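What follows is one structure encoded as structure tokens, with my remarks underneath.
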């Protein structure tokens with residue numbers, strides 16, 4: 001069974017994650033981060049105060065985190081990172097350094113004090129498994145995060161011609177009036193949207 005906690009555990013096994021932000025010029029930036037500590041419903045990560053990454057997190061906080069497993073599972077978190085309160089910084093820095101011994105080579109001795117720890121407590125999680133057929137996708141949330149619907153649905157304008165179904169690469173559309181897209185197996189490729197002769201397929 002897949003859920004938010006299992007997704008976090010899978011990210012922990014992946015180890016190195018991609019963290020995406022937007023810089024002061026509106027340009028996308030992405031980093032590989034492994035200095036991470038996981039709790040059941042949250043994650044803490046370390047960076048240095050002088051880095052542009054830190055500046056972006058402090059000014060906006062919005063971050064997208066992506067991990068990809070050897071089983072062809074994509075796990076993406078959309079979240080707002082929050083700086084851990086000052087009185088807790090030392091505790092979490094020590095925790096992360098204990099779990100990631102290589103960090104002591106990067107920041108030996110007291111130089112770790114240049115670090116800052118951020119926490120993610122509220123996140124929308126998207127799980128997408130390309131290693132099964134049909135593919136499987138689902139969304140979860142931790143904390144107070146909401147879930148944003150994406151993809152396609154078939155409206156009442158459907159005439160029942162079946163072109164959407166015959167052109168679906170994952171066979172996730174079932175007959176009916178209207179026809180129905182099984183969202184947990186949908187690629188979001190848009191083939192049904194393009195092939196529908198009456199525009200009954202709509203974007204969520």
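We did not get these values from a lab; they are worked out from the coordinates using the rules stated. Just so we're clear, the structure is a prediction, and the values are computed from it rather than from any experiment. Don't worry about glycine lacking a Cβ; one is built from the backbone with ideal geometry, like all the others, and counts go over all protein chains shown.
Side notes on the structure shown:
- Extending 7 Å from the Cα toward the beta-carbon at both residue 16 and residue 98 defines two label points whose distance is 2.6 nm.
- Extension gain for residue 170 to residue 191 (0.36 nm times residue separation, less C-alpha to C-alpha distance): 6.5 nm.
- Fully extended contour minus Cα-Cα distance, from residue 69 to residue 88, at 0.36 nm per residue: 3.7 nm
- Rg/Rh for the stretch 1-80 stands at 0.98; both radii use Cα atoms, and Rh follows the Kirkwood definition.
- Cα-Cα P(r), the stretch 152-203, percent of pairs per 5 Å interval: 4, 27, 40, 23, 5
- Per-residue [θ]222 nm for the chain (sum of -39500 (n - 2.57) over DSSP H runs n ≥ 4, rounded to 500): -6000 deg cm²/dmol
- Approximating the spin labels as points 7 Å out from Cα along Cα→Cβ, the residue 27-to-residue 147 distance works out to 3.7 nm.
- The alpha carbons of the stretch 107-204 give a radius of gyration and a Dmax of 20.2, 70 Å, in that order.
- Segments 177-184, 114-121 sorted - mean Cβ within 10 Å per residue, highest first: 114-121, 177-184
- Euclidean distance between Cα centres, the stretch 70-120 to the stretch 21-67, Å: 10
- Pair-distance profile P(r), taking every C-alpha pair of the chain, with 10 angstrom steps and integer %: 8, 29, 27, 18, 11, 5, 1
- Each peptide in 19-28, 50-59 gets a packing score, the mean of other Cβ atoms within 10 Å over its residues, and the list from highest to lowest is 50-59, 19-28.
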